[in-house]
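Student: What follows is a single structure, and I will ask about it in a moment.
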Amino acid sequence: MDEDKLRELIWAPWRISYIEGCDQPAPSPLNPELFLPGADPGCFLCQAVADAQNPERLVIFRDQLSVVVLNRYPYNNGHLLIAPLRHVGHPGDLSPEEHTALMLTLTRMIRLLEQSLQPDGFNVGLNLGRVAGAGLPGHLHWHVVPRWNGDTNFMPVLAGAKVIPQSLAALWQLLREKVQQKPTPAQSTGAVTKNDISQPNTNPPQE
Ligand SMILES: [Zn+2]
């Protein structure tokens, strides 16, 4: 076994089926007319933007500038990807409005996960370029990975498989329901008025 595969097996053994390419098939192809201008029809985030209501796409939330998708190959329960609607691969390609919207969406998703899954902490990060681990370098996305005390113990290695306590479908259902509830004042970040997260907007972005 090569070193990379061994490392994956140690740190994230449930991802091995993804690495070996024998995981569940991707959802069916989409009508090209559904895509936003500039989208890549082969990009799973552009597909999620185009087909956000389809449970197979695992979209938790979409507004005028950002989209949130459950990671199909999670490093932990509740691993989310936060992306701009536009297929751009570098933070320098984002408008100031997109930067703001993405940071607000990121913050709201952290709140949502805190309320839904009660994690003890988070890893939040951006992989830029394949060398840094980006599986999809053409479409920028932030990873939000909830962490629990003790979640890096050696049980997964000894057991040979990670126990993810909730299925993706059940978690998708839970988070979709929660994100559509109106936040109470105490839960609100206090700044989102234009793109109200409780009312996902399906309009294309203004460019
Ligand atoms: Zn894309």
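The values are calculated or read from the model by the stated rules, or taken from the named source; none is laboratory data. In this text, all values refer to a predicted model and were calculated from it rather than measured experimentally. A quick note on method: Cβ atoms are made from the backbone with ideal geometry, for glycine too, and the neighbour counts reach across all protein chains shown.
Student: Would you confirm whether or not region 143-164 contains a residue that is closer than 22 Å to GLN53 by Cβ, assigned to a loop (DSSP other than H, G, I, E, B) and either touching a Gly at 6+ places or on another chain (Cβ under 8 Å) or modelled with pLDDT of 85 or more (or both)?
Tutor: No, there is no match, as no residue in region 143-164 is closer than 22 Å to GLN53 by Cβ, assigned to a loop (DSSP other than H, G, I, E, B) and either touching a Gly at 6+ places or on another chain (Cβ under 8 Å) or modelled with pLDDT of 85 or more (or both).
Student: If you check every pair at least six apart or on different chains, which have Cβ atoms under 8 Å apart with a residue in region 29-57 that is among the acidic types (Asp, Glu) first and a residue that is within 12 Å of the ligand (Cβ to nearest atom) second?
Tutor: Final answer for the pair search is ASP40/CYS46; ASP40/HIS87; ASP40/GLY138; ASP40/HIS139.
Student: Select, from PHE44, PHE61, the only residue that is closer than 18 Å to THR105 by Cα and of a type in the set (Phe, Trp, Tyr).
Tutor: PHE61
Student: Out of LEU106, LEU117, which single residue is within 15 Å of the chain's Cα centre (by Cα) and of a type outside the set (Val, Ile, Thr)?
Tutor: None of the other options fit; the residue is LEU106.
Student: Is one or more of the residues making up region 66-84 within 16 Å of the ligand (Cβ to nearest atom), more than 30 Å from ASP151 (Cβ to Cβ) and either at pLDDT 95 or above or part of a helix (DSSP H, G or I) (or both)?
Tutor: No, region 66-84 contains no residue that is within 16 Å of the ligand (Cβ to nearest atom), more than 30 Å from ASP151 (Cβ to Cβ) and either at pLDDT 95 or above or part of a helix (DSSP H, G or I) (or both).
Student: Then there is this: VAL124 - would you say it is within 13 Å of the chain's Cα centre (by Cα), within 28 Å of SER167 (Cα to Cα) and away from the ligand (no atom under 15 Å from the Cβ)?
Tutor: yes
Table: residues versus (1) modelled with pLDDT under 75; (2) within 15 Å of the ligand (Cβ to nearest atom); (3) acidic (Asp, Glu).
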position	(1), (2), (3)
GLY21	yes, no, no
ALA26	yes, yes, no
ILE60	no, no, no
THR105	no, no, no
